[in-house]
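Notes to accompany the following structure.
All of the numbers you see were taken from the coordinates with simple rules; none came from a lab. Computed from a prediction, not measured in an experiment: that's the story for all the values here. Here Cβ is always computed from backbone atoms with ideal geometry, including for glycine, and neighbour counts include all displayed protein chains.
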Amino acid sequence: MSETALRVGMFGGTFDPVHLGHLRSAVEVSECLQLDKLHMIPAPRPPLRGHPQVSARDRLALLEAGIKDTPGLIADGRELRRQGPSYSTLTLAELREEYGEAARLVMLLGQDAFLRLADWHQPEQLFALAHVVVVARPGYQSDRPAPLKELIGEREVDSVSSLMAEPKGKLLTQTLPTSMAISATLIRQRLADHRSVRYLLPETVEKQIHARQLYTF
Ligand code: ATP
């Protein structure tokens, strides 16, 4: 069963704007985990941070421009069609419904987001719906706070094959070939200061940002 089950990833974020740290991680994780698809899903109203500067529709358009025809990656606007806070449990429940109980459903997170996982809405429920895969991010330490340790319990596995033996409920830390110290905060600051963002994000995304004068107020 595990060899034929579909492997589906969910990579949520504010994507304000999407950058090469997101996109390269998405490609490399897809390769390491042999994912069939990876849904990249902008959050219109991220519960744990301030309101993004740019509308969810614009952030989705930038994500679409960044992904273009990258095999396996999907710019998924489903959270824009929902009311209320952008809880990942709701999104994972939808994906689980669509792909069925046998699918290997994986929620992808950077190290910084992972360290705050215990503060999320219904964090136990995340593991009832999917696996969690964490990727390293330059500049973030790896000490896990006590509530996170408690949440993880015995869920941690040390290989992709152990992860994929189950449809959900496990945690894997995945080292990727490339790691990039790029953040959307850095890009927003540079744009506000009218400094170059070339090679921090795809050229198509940079073009759209400039053409529509996003982030420059
Ligand atoms: P901001 O600087 O506005 O907080 P960000 O660059 O952290 O934004 P988000 O949209 O908040 O981007 O992140 C979405 C997801 O992508 C999170 O799980 C985050 O950890 C991960 N991520 C962001 N940048 C990187 C990167 N350079 N390398 C690996 N993962 C990343």
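Sort through Leu186, Leu172 and tell me the only one that's under 27 Å from Val18 (Cβ atoms) and within 16 Å of the chain's Cα centre (by Cα). If you could, list the steps in order and put the result at the bottom.
Working: Leu186 fails: within 16 Å of the chain's Cα centre (by Cα).
None of the other options fit; the residue is Leu172.
Just the residues that are among the basic types (Lys, Arg), surrounded by 16 or more Cβ atoms within 10 Å (Cβ to Cβ) and within 16 Å of the ligand (Cβ to nearest atom), please, taken from the range 134-187. Write out each step before concluding.
Filtering the range 134-187 for residues among the basic types (Lys, Arg) gives 137, 144, 149, 155, 168, 170.
From what's left, surrounded by 16 or more Cβ atoms within 10 Å (Cβ to Cβ): 137, 168, 170.
The one that is among the basic types (Lys, Arg), surrounded by 16 or more Cβ atoms within 10 Å (Cβ to Cβ) and within 16 Å of the ligand (Cβ to nearest atom): Arg137.
Taking Leu73 as the residue in question, decide whether it is hydrophobic (A, V, I, L, M, F, W, C) and within 15 Å of the ligand (Cβ to nearest atom). Reasoning before the result, please.
On the way: hydrophobic (A, V, I, L, M, F, W, C): yes; within 15 Å of the ligand (Cβ to nearest atom): yes.
Here the answer is yes, as Leu73 does meet what is asked.
Go over the candidates Arg190, Arg116, Arg195, Arg144 one by one and state the one that is charged (D, E, K, R) and under 20 Å from Leu63 (Cα atoms).
Of the residues listed, the single one that is charged (D, E, K, R) and under 20 Å from Leu63 (Cα atoms) is Arg190.
Return the total of residues in the range 41-57 being without any contact (Cβ under 8 Å) to a residue 40 or more places away in the chain and part of a loop (DSSP other than H, G, I, E, B).
To start, the set of residues in the range 41-57 that are without any contact (Cβ under 8 Å) to a residue 40 or more places away in the chain comprises 42, 49-52, 55-57.
Adding the requirement that they be part of a loop (DSSP other than H, G, I, E, B) leaves 49-52, 55.
So the count comes out to 5.
Identify, by number, the condition in (1) part of a helix (DSSP H, G or I); (2) more than 10 Å from the ligand (Cβ to nearest atom) that Ala26 doesn't meet.
Single failed check for Ala26: (2).
Give me a count of the residues in the range 160-204 that are within 17 Å of Thr14 (Cα to Cα), among the small types (Gly, Ala, Ser) and assigned to a helix (DSSP H, G or I).
Residues in the range 160-204 being within 17 Å of Thr14 (Cα to Cα), among the small types (Gly, Ala, Ser) and assigned to a helix (DSSP H, G or I): 1 in total.
So is Lys149 within 24 Å of Ala130 (Cα to Cα) and assigned to a helix (DSSP H, G or I) or not? Reasoning before the result, please.
Details: within 24 Å of Ala130 (Cα to Cα): yes; assigned to a helix (DSSP H, G or I): yes.
It is true that Lys149 is within 24 Å of Ala130 (Cα to Cα) and assigned to a helix (DSSP H, G or I).
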